[in-house]
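J.: Would you mind keeping the following structure in view while I ask a few things?
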Amino acid sequence: MPSLYIHLPWCVSKCPYCDFNSHQVNSKWSEMKYVDCLLLDLDRDAAQFSCRSFDSVFIGGGTPSLFSGNAVTYLLSGIRDRVELKEDAEITLEANPGSADTSRFEGYINAGVNRISIGVQSFNDEALKAIGREHSGAEAESAMRVAKSVGFLNFNIDLMFGLPGAKMGDALSDLKRALAFEPTHISWYQLTLEKNTAFARNPPVLPAHNEICDEFDIGQNLLEENGFSQYEVSAYATAERASAHNMNYWTFGDYLGIGAGAHGKMGCGSKIIRTEKIRKPESYIKAIESGEIAGVETEIQPSHKIGEYMLNALRLKDGFSLVDCMKKTNTHSLDKQFKTNIEIASKKGLLDRTGDWVKPTPLGYRFLNDLQLIFL
């Protein structure tokens, strides 16, 4: 079964490093009006792609925790009225510490959200200010106490390293403070200066590359010592707590994407279709309400299918099977060029192959971009 991604595009303010489709909230926004549009969007896409059941739901943004518990209840009830959710479906909602309070989190868990992802990024107030975050370290800690108190047993903490002005040890301090709250999942990733962001236009001074690498190595050992296993480039989980929704992405599974700027990927017979909805919330709402086309669809060309599969699957630390690659890309046999690319990557020490199973080596994982480029 596919997954369902829902995009809630509003934020209190735009972070200078963020390249996601997020827009500053204003007096014109209406959460219930937007939810009605999401449900209309789901009706149309579910019918078009003959999609009536889902393994997981991920409510991302933006800042989904700007939406009230009543709005999320209305949304999830509307989804259940239209499609089937697997009995033990993972339902995740992203939250920012600045919009976390007990009544709001209780509303989410009563609505059926069973996994929450808290965008902490850092506990250091100076670092938070440097990356444009609206919350403080104390508010981040409060958000996690609230999440646990209302009954979220499965929760993720987002953390970043390599931040402007960071000193050796700062990232490890953040990790230790996060681990004290006993999360089930930690997303720990390096700050990158993405195109079309404020940081790309006016780059901050970042720590030296060798310092970032040294701290990363120490941090990985710390996570392992505390029972976390790395299963994807920036994802670490305790036993049985890897994100089902994210695993579907990395294994090139199908997913429906609804909401302003949402992306999706669905198999249609021998074709694989990528979808992208209108990015600007006002334009998206207008298109949905007037019955117009609310996005674009693009077929992945047959010659690109394996490359796109590899772009995702190579992020998995434990690797993947070539049989799965052929199944997900509707390929009956692996072509000569693909086999040659595997040999090239293996000779460079970037890839291991044992029979049907392929996975990045530690060197390949460290230089993942170089490894992925071989297959593109």
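Only the coordinates and a few stated rules stand behind these numbers; no lab work does. Quick caveat, the model's predicted, so the values are computed rather than measured. Every residue, glycine as well, gets a Cβ built from its backbone with ideal geometry; the counts of neighbours run over all protein chains shown.
J.: For Lys148, give me every one of the lysines with a C-alpha distance below 30 angstrom, ignoring sequence neighbours fewer than eight places off in its own chain.
T.: Straight-line reach from Lys148, under 30 Å: Lys14, Lys86, Lys129, Lys176, Lys317.
J.: Strictly under 4.7 angstrom between C-beta atoms: which cysteines of the chain have no such partner?
T.: Among the cysteines of the chain, those whose Cβ sits 4.7 Å or more from every other are Cys11, Cys37, Cys51, Cys213, Cys268, Cys325.
J.: Here's another thing I want to ask about it. Which of the trypsin sites (Lys or Arg not before Pro) found in the range 14-103 are in a DSSP loop and have at most 15 neighbouring Cβ atoms, other than their own, within 10 Å?
T.: Lys14, Lys28, Arg52
J.: Please report the relative contact order for the range 303-374, taking Cα pairs under 8 Å with a sequence separation of at least 6, and give it as a percent rounded to a whole number.
T.: So the answer I get is 34 percent.
J.: Then there's this: The range 303-374: Rg/Rh from Cα coordinates, Kirkwood Rh?
T.: Here Rg/Rh amounts to 0.92.
J.: Spelling out what I want: for every residue of the range 360-376, take phi, set θ = phi - 60°, compute 6.51 cos²θ - 1.76 cosθ + 1.60 (Karplus), and round to whole Hz; glycine and proline get x.
T.: x, 6, x, 5, x, 5, 6, 10, 4, 4, 5, 5, 4, 4, 4, 9, 9
J.: Multiply the residue gap between Cys268 and Met1 by 0.36 nm, knock off their C-alpha separation, and tell me the result in nm, one decimal place.
T.: 94.8 nm
J.: Does a label point 7 Å from the Cα of Asp125, set along Cα-to-beta-carbon, have any residues of the range 132-146 with amide nitrogen under 13 Å, and which are they?
T.: Output list for this probe position: 135-140.
J.: Per DSSP helix of 4 or more residues, -39500 (n - 2.57); summed, then divided by the residues of the chain. What does that give at 222 nm, rounded to the nearest 500?
T.: -11500 deg cm²/dmol
J.: Run through the DSSP bridge list for the chain and note the antiparallel percent, rounded to the nearest 5.
T.: 45
J.: HN-Hα J couplings of the range 15-32 from phi, Karplus 6.51/-1.76/1.60, θ = phi - 60°, integer Hz, Gly and Pro as x?
T.: 6, x, 9, 7, 10, 6, 7, 10, 9, 5, 5, 9, 5, 7, 6, 9, 5, 6
J.: Tell me the Kirkwood radius of the range 105-209: reciprocal of the mean inverse pair distance over distinct alpha-carbon atoms, in Å.
T.: Final number for the Kirkwood radius of the range 105-209 is 14.7 Å.
J.: Still on this structure: With Kirkwood's inverse mean 1/r over C-alpha pairs for Rh, give me the Rg to Rh ratio of the range 18-85, two decimals please.
T.: Here Rg/Rh amounts to 0.98.
J.: Let me ask something additional. Say the cut-off is 26 Å between C-alpha atoms; which of Lys167/Lys348; Lys195/Lys277; Lys28/Lys265; Lys280/Lys305 go over it?
T.: Over 26 Å Cα-Cα: Lys167/Lys348; Lys28/Lys265; Lys280/Lys305.
J.: On to the next question. Tell me, what HN-Hα J-couplings in whole Hz come from the Karplus equation 6.51 cos²θ - 1.76 cosθ + 1.60 at θ = phi - 60° for each residue of the range 78-91, using x for Gly and Pro?
T.: x, 5, 5, 5, 9, 9, 9, 9, 3, 3, 9, 4, 6, 10
J.: Fewest first, what order do Cys18, Cys213 take by the number of other Cβ atoms within 10 Å?
T.: Values: Cys18 17, Cys213 13.
Placing the least packed residue first, the sequence is Cys213, Cys18.
J.: Under a point spin-label approximation (7 Å from Cα along Cα-to-Cβ), what is the Trp29-Arg80 distance to one decimal in nm?
T.: Computed distance between label sites Trp29 and Arg80 equals 2.6 nm.
J.: Where the centroid of each part is defined by its Cα atoms, how far is the range 193-242 from the range 304-376 in Å?
T.: Centre-to-centre (Cα) distance: 23 Å.
J.: Still on this structure, please answer the following. How long is the gain from Ile344 to Arg201 if the chain were fully straight, where each residue apart is worth 0.36 nm and the alpha carbon distance is subtracted? All intermediate terms of the calculation are to be shown ahead of the outcome.
T.: Details: separation 143, 0.36 × 143 = 51.48 nm, distance 3.68 nm.
The span from Ile344 to Arg201 would gain 47.8 nm if fully extended.
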